[in-house]
Amino acid sequence: MSRSKASRGADRPAAQSLRAAGRDRAEPSEPPAGSKPAGGAGELVIVATPIGNLDDVSLRALATLRAVDVVACEDTRVTGRLMARHGLRTPLVAYHDHNAARQRPRLLERLARGERVALVSDAGTPLVSDPGYKLVQAAIDAGVPVTAVPGPSAPLAALVLSGLPTDRFLFAGFLPARAAARRTALRELAATPATLILFESAGRLAAALADMAAVLGARPAAVARELTKLFEEVRRGRLPELAEHYAAAGPPKGEVVVVVGPPTAAAASDAALELDAALAEALARMSLRDAVAAAAAATGRARREVYARALELSRAAAARTRP
C-alpha cells in the first residue's frame with residue numbers, strides 16, 4: 001500500500017461511519033459511527049479478526065467493532081479477549097454451529113430494526129469453515145446491506161508462506177476424519193490444476209499426510225502451524241517426507257494448515273488415462289449410467305466429470321462407426 005493511502009486511513013477519526021472508514025477525504029462526510037441508517041434495515045458487517053497475534057487487527061476493524069450495536073461471534077470468551085485488549089465494550093452474542101438456527105432469526109430481527117451487527121469468527125475471516133454464510137445469505141434475502149472489513153486469513157497466510165504456486169489455488173477445508181472417506185476426497189481433488197489448501201487437526205496430521213502421499217504422490221507441500229504467533233513454523237518438503245516426519249515426531253501443537261502443490265502435467269495425463277480406461281472397460285458391459293457410477297467409484301472422480309467424459313467417449317465411438 002502506498003504511503004498516501006496509509007496516511008489517509010491512519011488520520012481518519014474513529015468516530016466516522018463504517019462506510020466512510022478507509023475512503024478518500026474528498027468524499028462527502030457521512031453520519032457519525034453508531035447512528036442508525038436512514039429509513040430501513042441496518043447493516044451486517046463481516047469483520048476479519050487476528051488469527052493469533054492480537055495486534056494484527058486493523059484500525060478499521062476496531063472502529064467497526066466499536067461502532068456497531070452488537071458483535072456476533074463464535075465464542076464470546078475468545079472475542080472478549082480481543083475486545084478487552086483494545087478497550088472495546090460493544091455487547092457480544094454467541095453465533096456458532098450449535099445455536100445458529102436459533103440465533104439467526106434474532107440477529108435478523110435486530111437488523112430489521114435498523115441496528116448494525118458485526119459478524120466475527122474466533123480467528124481470521126468469517127465464513128471460512130464456519131456457519132456465517134447462512135447469516136449472510138439470510139441478510140441478503142431480507143434486503144439488508146452487507147459489507148466486509150477484510151483482514152487476516154490463515155489459508156492465505158499459509159499459501160504465501162508455502163513457496164508453492166499462488167496463481168491458482170483451491171481451499172478445500174477439512175478432509176474427512178475417516179481414512180477411507182479421506183482418500184476418496186483426495187482422489188476427487190487429485191486432478192484439480194491448482195495448489196490445494198487444507199485444514200487438518202494436529203492429531204490426524206500424520207495419517208492425513210500419509211494418505212495425501214498415497215493418493216497425490218510425491219508433490220511438494222508445506223505444513224504451517226501457529227501462524228503469526230511466537231512459535232510460528234512452516235515445514236516444507238515432499239508429501240512422503242512430511243508424512244514420515246510427523247509420524248516420528250508426533251502431533252504438533254497449534255492450528256495446522258497444509259498446502260499441497262498442483263499436479264504436474266504428467267500426473268494429470270496419467271489421471272485422464274486412468275479415467276478413460278475405467279470408462280472403456282465399464283461401457284463395454286454396462287449402460288452409460290451404470291458405467292459412470294462404476295468409473296466414478298473406481299477412480300474417485302466426481303460423477304459429473306465422469307459423465308461428461310463418458311459422453312465424449314460415446315460420441316467419439318459412434319462417429320467412428322458411421323459409414
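The values are calculated or read from the model by the stated rules, or taken from the named source; none is laboratory data. Owing to the predicted nature of the structure, the values given are computational and were not obtained by experimental measurement. Neighbour counts run over all protein chains shown; Cβ positions are idealised from the backbone, glycine included.
Return the residues of the stretch 80-108 that are at pLDDT 95 or above and among the aliphatic types (A, V, I, L, M); say none if nothing qualifies.
LEU82, MET83, ALA84, LEU88, LEU92, VAL93, ALA94, LEU107, LEU108 - these are the residues of the stretch 80-108 that are at pLDDT 95 or above and among the aliphatic types (A, V, I, L, M).
Could you check, for the stretch 157-168, whether at least one of its residues is basic (Lys, Arg), free of Cβ contacts under 8 Å to residues at least 60 places away in the same chain and farther than 29 Å from ASN99 by Cα?
no
Which numbered condition in (1) touching a helix residue (DSSP H, G or I) at 6+ places or on another chain (Cβ under 9 Å); (2) of a type outside the set (Phe, Trp, Tyr); (3) closer than 30 Å to ALA222 by Cα is the only one that LEU92 fails?
Against the list (1) touching a helix residue (DSSP H, G or I) at 6+ places or on another chain (Cβ under 9 Å); (2) of a type outside the set (Phe, Trp, Tyr); (3) closer than 30 Å to ALA222 by Cα, LEU92 comes up short only on (3).
Select the helices (runs of 4 or more DSSP H) contained entirely in the stretch 124-217, then report the ones holding at least 2 residues which are more than 25 Å from GLU305 (Cα to Cα).
Ranges flagged: 132-141, 154-162, 205-216.
Pull up the stretch 214-231, narrow it to residues that are within 30 Å of ASP55 (Cα to Cα) and in contact (Cβ under 8 Å) with a residue 40 or more places away in the chain, then point me to the one that is farthest from the chain's Cα centre (by Cα).
This residue is LYS229.
Looking at the structure I just gave you, is THR195 touching a helix residue (DSSP H, G or I) at 6+ places or on another chain (Cβ under 8 Å), in the same structural domain as VAL256 (by TED's automatic domain parsing), loosely packed, with under 15 Cβ neighbours inside 10 Å and more than 16 Å from LEU242 (Cα to Cα)?
no
Filter the stretch 68-81 down to the residues that are touching a Leu at 6+ places or on another chain (Cβ under 6 Å) and aliphatic (A, V, I, L, M) and list them by number.
Answer for the stretch 68-81, where residues must be touching a Leu at 6+ places or on another chain (Cβ under 6 Å) and aliphatic (A, V, I, L, M): VAL71, ALA72.
Which numbered condition trips up ALA138, out of (1) surrounded by fewer than 17 Cβ atoms within 10 Å (Cβ to Cβ); (2) within 22 Å of GLY173 (Cβ to Cβ); (3) without any contact (Cβ under 8 Å) to a residue 24 or more places away in the chain; (4) of a type outside the set (Asp, Glu)?
Unmet for ALA138, out of (1) surrounded by fewer than 17 Cβ atoms within 10 Å (Cβ to Cβ); (2) within 22 Å of GLY173 (Cβ to Cβ); (3) without any contact (Cβ under 8 Å) to a residue 24 or more places away in the chain; (4) of a type outside the set (Asp, Glu): (3).
Please verify whether LEU127 is modelled with pLDDT under 95 and closer than 14 Å to THR49 by Cβ, treating the condition exactly as stated.
Spelling it out, LEU127 is indeed modelled with pLDDT under 95 and closer than 14 Å to THR49 by Cβ.
Scan the stretch 244-266 and tell me whether some residue there is assigned to a helix (DSSP H, G or I), more than 25 Å from PHE199 (Cα to Cα) and among the small types (Gly, Ala, Ser).
Checking the stretch 244-266: at least one residue is assigned to a helix (DSSP H, G or I), more than 25 Å from PHE199 (Cα to Cα) and among the small types (Gly, Ala, Ser).
Select from the stretch 49-62 the residues that are buried (at least 23 other Cβ atoms within 10 Å of the Cβ) and not in a strand (DSSP E or B) and write down the one among them that is farthest from the chain's Cα centre (by Cα).
ALA61
Restricting the search to the stretch 104-118, which residues are surrounded by 15 or more Cβ atoms within 10 Å (Cβ to Cβ) and within 11 Å of VAL70 (Cβ to Cβ)?
Within the stretch 104-118, LEU107, ARG110, LEU111, GLU115, ARG116, VAL117, ALA118 qualify.
Does LEU209 satisfy the condition of being over 25 Å from VAL57 (Cα atoms) and touching a Ser or Thr at 6+ places or on another chain (Cβ under 6 Å)?
no
For (1) crowded, with 18+ Cβ neighbours inside 10 Å; (2) within 24 Å of PRO251 (Cβ to Cβ), each residue gets a yes or a no:
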| position | (1), (2) |
| --- | --- |
| TYR133 | no, no |
| ALA148 | no, no |
| LEU159 | yes, yes |
| ASP167 | no, no |
| ARG178 | no, yes |
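For the stretch 189-208, give me each residue that is out of contact with any Phe, Trp or Tyr (no Cβ under 6 Å at 6 or more places or on another chain) and over 13 Å from PRO176 (Cβ atoms).
ALA190, ALA191, THR192, PRO193, LEU196, ALA202, GLY203
Read through the list (1) of a type outside the set (Gly, Ala, Ser); (2) part of a strand (DSSP E or B); (3) in contact (Cβ under 8 Å) with a residue 24 or more places away in the chain, then give the number of the only condition that VAL93 fails.
Result: VAL93 fails condition (3) only.
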